[in-house]
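What follows is a short report on a single structure.
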Amino acid sequence: MEIHHRVVVGSRVNEDQAAGAIQERHWREQYREAGQCPTLTAPVLKGTGESKPKPASTASRATTAIAALILALCAAGLSGCVLKLATTVEAPAPLTLDAFLSDDSPCYDRSAQPQTSVIDSHVHFRPFGGPAIPFGQMVQYLQETGVLFANIYGIGQTLPVTSSCTYYLDCPGTPVTPSLKNDFVNAANYVTAAQSGVHLTLAMTFPDLAEPETILPGIELLETEYPGLFQWMGEVNLVKQALFDNGHTPVSPATISEWAPFMEVLRDRGFPFAVHSDLGSEDAPTLYLPLMEEVLRQYPDNVIVWVHMGLSRELTTMDAARHVELMTALLERYPNLMLDIAWRVLDDAYFSTPDGLAAYVPFLNTHSERILPGTDFLASHDKSLDIYRTELEVTSRINRYLDDDAFRDIALGQNYFRLLGLDYEAPPICP
Ligand SMILES: [Zn+2]
């Protein structure tokens, strides 16, 4: 028996999302035990995201009351409880790729459709070590959560195969090193696994930026084995403090100038270069800024995606206005710079604070054409669909505050299509 995944009453789609999820789980358990199946036919929104907060109408409040009453009766243990809750509320159908291919797609109604992004430009299909979520299952996670476009990242570093670790922070002292392994596994899966309904872009994550002479041969190897499949490079590490205990050190400025041969290939191919480069630490928030500036200065014609906007768990207390000022100056000086706002740390530490909202919402609206969303989910086998869904929802929370143009650019993927020259067009936003 199946219970609809998400029951949403009236227009109050998600204001009490957490409570709703708990209630839903409760009902699921009740009915599993009782061997009964409630069927709530409407209103049911299959989307996973959050809708704009909006006052409930009288009709929806009445619907809520009726639904609560019926659910309460069922909970009381009435046998054979099969219900049809008819209402006049119609949920828009979930978006499909077709909506991005047609010239006359219906407009996107932000008050009724999900606020979660349809694109995950930063999702790791491979873990640092240990078993991964199977590729096909990972694709299902995307399908189930309304994500239609994704970059397949491997991981920019791997633990030794002899290690029992799945996460490097659990194993300080164990070296992590960039490797081609995950890129090969992803490519092999990409060509064999079913992936209907989603558009996937393969990324090369093997480069060790401290060993530039190894990068061109790696690109050649991957392109010989899988011609034309890879369209992106990253996430690769320039400086990542979280890895310092695992043998990683910042790439030196002198080494950056040795990147020229492979950066030229990326330019020729039109591959964005997504780089993790910590801005700094709590004590020294811009300690590593000169490294990123060196990359931008030396390679202004490459599309460079600065992941997490340089923020990290080691930098959660920087003044938001100062960070915005810095990002603004760099975007203005370097027209090919893009910023990735992936990872829940950004929402937890910045976007969800009053100062953060005040600083970042106008910034994201103004520079919406330069921003890419993502979860930074890492597909180790101990993760689940619920965790992916939560990470998508958390990293999408900022979306509801964006103006319509920014929402279309960022959450509906318009920037991503432009960047990769894809033949998709985000639907217009309903007035
Ligand atoms: Zn990442």
Those residues of region 174-193 which are at pLDDT 75 or above and in a loop (DSSP other than H, G, I, E, B) amount to Pro178, Ser179, Leu180, Ala193
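Can you name the residue in region 264-283 that is away from the ligand (no atom under 15 Å from the Cβ) and among the hydrophobic types (A, V, I, L, M, F, W, C) and is also surrounded by the most Cβ atoms within 10 Å (Cβ to Cβ) among such residues?
So the first thing to find is which residues in region 264-283 are away from the ligand (no atom under 15 Å from the Cβ), and the list is 264-271, 279-283.
Within this subset, residues satisfying the condition of being among the hydrophobic types (A, V, I, L, M, F, W, C) are 265-266, 271, 279.
Working: Val265: 16, Leu266: 21, Phe271: 22, Leu279: 25.
Among residues in region 264-283 that are away from the ligand (no atom under 15 Å from the Cβ) and among the hydrophobic types (A, V, I, L, M, F, W, C), the one surrounded by the most Cβ atoms within 10 Å (Cβ to Cβ) is Leu279.
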- Message: Here is a check on your reading of the model: is Trp306 buried (at least 19 other Cβ atoms within 10 Å of the Cβ) and more than 19 Å from Glu369 (Cβ to Cβ)?
- Response: no
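Residues that are within 16 Å of the ligand (Cβ to nearest atom) and in contact (Cβ under 8 Å) with a residue 60 or more places away in the chain: which helices (runs of 4 or more DSSP H) entirely in region 350-417 hold 1 or more of them?
In region 350-417, 385-396 are the helices (runs of 4 or more DSSP H) which contain 1 or more residues that are within 16 Å of the ligand (Cβ to nearest atom) and in contact (Cβ under 8 Å) with a residue 60 or more places away in the chain.
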Flagged in region 194-225 as farther than 19 Å from Thr158 by Cβ, part of a loop (DSSP other than H, G, I, E, B) and touching a Pro at 6+ places or on another chain (Cβ under 6 Å), in numbering order, are none
Of the listed residues (Leu289, Leu331, Leu311), the one being among the aliphatic types (A, V, I, L, M), within 22 Å of Val251 (Cβ to Cβ), at pLDDT 95 or above and surrounded by fewer than 21 Cβ atoms within 10 Å (Cβ to Cβ) is Leu289
For region 156-173, pairs from a residue that is in the same structural domain as Met204 (by TED's automatic domain parsing) to a residue that is modelled with pLDDT of 70 or more and basic (Lys, Arg), with Cβ under 9 Å and 6 or more apart or across chains, are Gly156/Lys240; Gln157/Lys240; Thr158/Arg126; Thr158/Lys181; Val161/Lys181
Filtering region 216-252 for residues that are within 16 Å of the ligand (Cβ to nearest atom), more than 25 Å from the chain's Cα centre (by Cα) and among the aromatic types (Phe, Trp, Tyr) leaves a count of 0
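The values are calculated or read from the model by the stated rules, or taken from the named source; none is laboratory data. Keep in mind it's a predicted model, so treat the numbers as computed, not measured. Cβ coordinates were reconstructed from backbone atoms using ideal geometry, including for glycine residues, and neighbour counts include every protein chain displayed.
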